[in-house]
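Below is one structure, written out as structure tokens, with a few remarks after it.
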Amino acid sequence: MPECSNESVASGSSAAAAEMIEVVSVPIPPPEYGIDDDCSDELHRASAEYSGVFEGPEKTLEVCFRHAVGYTKPPPGDKVGLRRLERPDLDRLCGRARCTILSHVSNQYLDAYVLSESSLFVYPYMLVLKTCGTTTLLRCIGVLIEIGRRLMLEIDWLGYSRKNFNFPGDQAFPHQSFHQELDYLYSHRTLCDRLDGNGYTLGPVTSDHWFVFVADRTIRVNVNPDTDTDRVLNVMMFDVDPDVARLFYFDHYGKIEGETKDNESARVSVEMTKKSGIDALCPGAIIDPRAFEPCGYSMNAILFRSYSTIHITPEAGSSYASFETNQKVASYRSLINNVVRTFRPKRFVMTLMADELGLREMRENPMTESSSSSRIVIPAGKDTHMTYKRSSLASIKVEDDCCCMMGNWNLVEGVEANNLFVGKFRADSVS
């Protein structure tokens, strides 16, 4: 049951096709937290005991940097910007969020890290950190400010977003409500005096909705096709098909006599990836999979400048799978169909955060299509199909050119699939 009474305040209604959007204000000045807020007693509370369910939907922090006054260009061939960070810096950053680095892959453009709770992506001037469960993601901001100063970089754009929690009572400070998160963000004077961001709620407050905070003071003189056409698609799927969920239990893949624990983990991770069909979702990419015991799965994939990431918690009663990518494709239709077909959930939430120019590059957008055109139909066996209908839609443009869109899709029982478009399983290419 969403915690709408604790995290959202109704402020009115809009047209039937689009749900309410709330601009959240904080009337009481919050307490201040400095660059390092370890002195807060609340931050040292013991983690809540495992309640038998897991909060799958991730918190996401995306931070872009620019050169500060005094920045000097490194010698040719050296790493640039945030990619100069050493492992101890990254370990400290993740430690603030209560997660650890398990593995990583790299290419010419970015470094991707699989974490104990989700993923970290590091570009020269952008960092994306996703954490699930009861992690304390926003506590990383103080460390990011400090690291940026050391590298002669300053924060240029910051975005924080998450879906409403399924189990809000399990969360630790500062994530026990969106208002508390905003208080914490506003408390960093080094961040907010300059960026002065705002918080928003998209979607129905009585059902699945999406919280977004954006702070943007980017000085845009000329359009840069590499940075001003960005977009991130996220598909959050709930009540995954039980047959699919079973594929993500470690003991499903047996044991091999004499196999070391590390080799067993590597083997099961690869087998999960292939058995579930996840490998087909990211053709040509470098894939870094990780199977967890007794259950669960994470995967990062990188291809040129783009990343894709999947996280799965298969426990009955809280089964969840997410797929996120920043691929710049003209149409996400076949990719979305393939993802939904892979996990066959009972419902899913789709979000899209994009620059205005990025939206213009898209031929198709499931967030702006009509209700009938936005239906997703996937094969589910011989002569049978699964049909998903969009039940709500919300969108808003924040700051200069950041467009946030969110929609809910539900499985429609007993719908005839005749004459409906059925998504063909094929891969998208990166443009």
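Go through (1) at pLDDT 95 or above; (2) open to solvent by 10 Å² or more (accessible area, probe 1.4 Å); (3) over 20 Å from ALA215 (Cβ atoms) for MET126 and report which single condition fails.
The failed condition is (3).
Within segment 282-305, is there a residue that is closer than 19 Å to LYS130 by Cα and touching a Pro at 6+ places or on another chain (Cβ under 6 Å)?
Yes - at least one qualifying residue is present in segment 282-305.
What residue, of SER265, SER269, is touching a strand residue (DSSP E or B) at 6+ places or on another chain (Cβ under 6 Å), open to solvent by less than 30 Å² (accessible area, probe 1.4 Å), of a type in the set (Ser, Thr, Tyr) and without any contact (Cβ under 8 Å) to a residue 40 or more places away in the chain?
None of the other options fit; the residue is SER269.
What do you reckon, is GLY284 within 21 Å of the chain's Cα centre (by Cα) and on the phi > 0 side of the Ramachandran plot?
Answer is no for this residue.
Give me the pairs, please: first residue somewhere in segment 161-172 and in contact (Cβ under 8 Å) with a residue 12 or more places away in the chain and within 17 Å of THR60 (Cβ to Cβ), second residue anywhere and basic (Lys, Arg) and in a strand (DSSP E or B), beta-carbon distance under 9 Å, and either six or more positions apart or on two chains.
Matching pairs, first to second residue: SER161/LYS59; ARG162/LYS59.
Among the candidates CYS94, CYS64, which residue alone is within 30 Å of VAL240 (Cβ to Cβ) and either within 23 Å of the chain's Cα centre (by Cα) or assigned to a helix (DSSP H, G or I) (or both)?
CYS94 is the lone residue from the list that is within 30 Å of VAL240 (Cβ to Cβ) and either within 23 Å of the chain's Cα centre (by Cα) or assigned to a helix (DSSP H, G or I) (or both).
Residue-wise test of (1) at pLDDT 80 or above; (2) farther than 29 Å from ILE302 by Cα.
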position	(1), (2)
ARG390	yes, yes
VAL398	yes, no
MET405	yes, no
VAL412	yes, yes
VAL415	no, yes
ASN419	no, yes
ALA427	no, no
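Looking at (1) touching a strand residue (DSSP E or B) at 6+ places or on another chain (Cβ under 8 Å); (2) touching a residue at least 12 places away in the same chain (Cβ under 8 Å), which is the only condition ASP91 fails?
Every condition holds for ASP91 apart from (2).
Looking only at segment 64-81, count how many residues are open to solvent by 50 Å² or more (accessible area, probe 1.4 Å), in contact with a strand residue (DSSP E or B) (Cβ under 7 Å, 6 or more places away or on another chain) and at positive phi.
So the count comes out to 0.
The values are calculated or read from the model by the stated rules, or taken from the named source; none is laboratory data. Here the structure is a predicted model, which means the values were calculated and not measured. For neighbour counting, all protein chains shown are included, and Cβ atoms are generated from backbone atoms with ideal geometry for every residue, glycine included. SASA here: full protein model, heavy atoms, side chains in, ligands and nucleic acids out. Shrake-Rupley method; radii C 1.70, N 1.55, O 1.52, S 1.80 Å.
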